[in-house]
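The values are calculated or read from the model by the stated rules, or taken from the named source; none is laboratory data. Worth saying up front: this structure is predicted, and the values here are computed from it rather than measured. Note that each Cβ is placed from the backbone with ideal geometry, even for glycine, and that neighbours are counted across all protein chains shown. SASA here: full protein model, heavy atoms, side chains in, ligands and nucleic acids out. Shrake-Rupley method; radii C 1.70, N 1.55, O 1.52, S 1.80 Å.
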Amino acid sequence: MEEEIMSEHRAPFPPFTPETAAQKVQAAEDAWNTRDPHRVALAYTSDSVWRNRDQFVTGREQIVEFLAAKWERELNYALRKSLWTYHGNRIAVRFQYECHDSTGQWWRSYGNELWEFSQQGLMTRREASINDLPIGEGDRRIFGPRQEHERDLVIALH
C-alpha cells in the first residue's frame, strides 16, 4: 500500500524552477542507472505514453517490459542526462549513454527527450529521439552512475 501511494506522487512538482527541473533530471538519471525497470516505472503515470525511437509504449506494465528488454540487450549501460530547458510542467533533456552488446561492441547513444508531468510530479509523456555511434572500448567516457563530484559537469557534445 505504501509503495502504491508513493508511486502516485513524485516531488518536485510542476511548475518547475531551474532548481526543481535540475532535480527532476538528476533523479531520472539516477533511477535509470539502477537498470531496475520496476523502480524506473514508478516515476511515470499508470497511463504514461512514450515514443522511444520507433517504438510506442503505454502504461507502466509496458514500460517495465520495454526497459527489461532494453537492459538485456544494452549491457553495462551507463547514462548521463543534462537539462536543456523547462517551462511549466515540461522539461527538455539531452542525454548520452554507453553500453555494449552481446558481441562486445561498445556504443555511445546520443539523444533528446521531451517530458510532460502531471501535477503529482509523475511523467505522463516521454518522447525520445536517439542516435547510436559504435565506439571502441578505449573511447568510453561514461563509467557507471555519476559520482557526487561529477553532478555539475556538462556532458560533452560528442
Restricting region 18-27 to residues that are free of Cβ contacts under 8 Å to residues at least 40 places away in the same chain and among the polar types (S, T, N, Q), which is farthest from Cys99 (Cα to Cα)? Thr20
For a quick check of your reading: which strands (runs of 3 or more DSSP E) sit entirely within region 40-108 and have at least 2 residues that are more than 15 Å from the chain's Cα centre (by Cα), modelled with pLDDT under 95 and buried (at least 18 other Cβ atoms within 10 Å of the Cβ)? none
Tell me, please, whether a residue that is out of contact with any Gly (no Cβ under 8 Å at 6 or more places or on another chain), under 25 Å from His100 (Cα atoms), assigned to a helix (DSSP H, G or I) and open to solvent by 60 Å² or more (accessible area, probe 1.4 Å) can be found in region 28-36. no
Before we move on, is Phe95 in contact with a Gly (Cβ under 6 Å, 6 or more places away or on another chain) and at negative phi? yes
Count, please, the residues in region 111-158 that happen to be farther than 22 Å from Asp47 by Cβ and among the charged types (D, E, K, R). 10
Applying the selection to region 42-82, what residues are among the small types (Gly, Ala, Ser) and closer than 24 Å to Ala21 by Cα? Ala43, Ser46, Ser48, Gly59, Ala78, Ser82
For region 130-149, how many residues meet the condition of being open to solvent by less than 50 Å² (accessible area, probe 1.4 Å) and either touching a helix residue (DSSP H, G or I) at 6+ places or on another chain (Cβ under 8 Å) or free of Cβ contacts under 8 Å to residues at least 12 places away in the same chain (or both)? 2
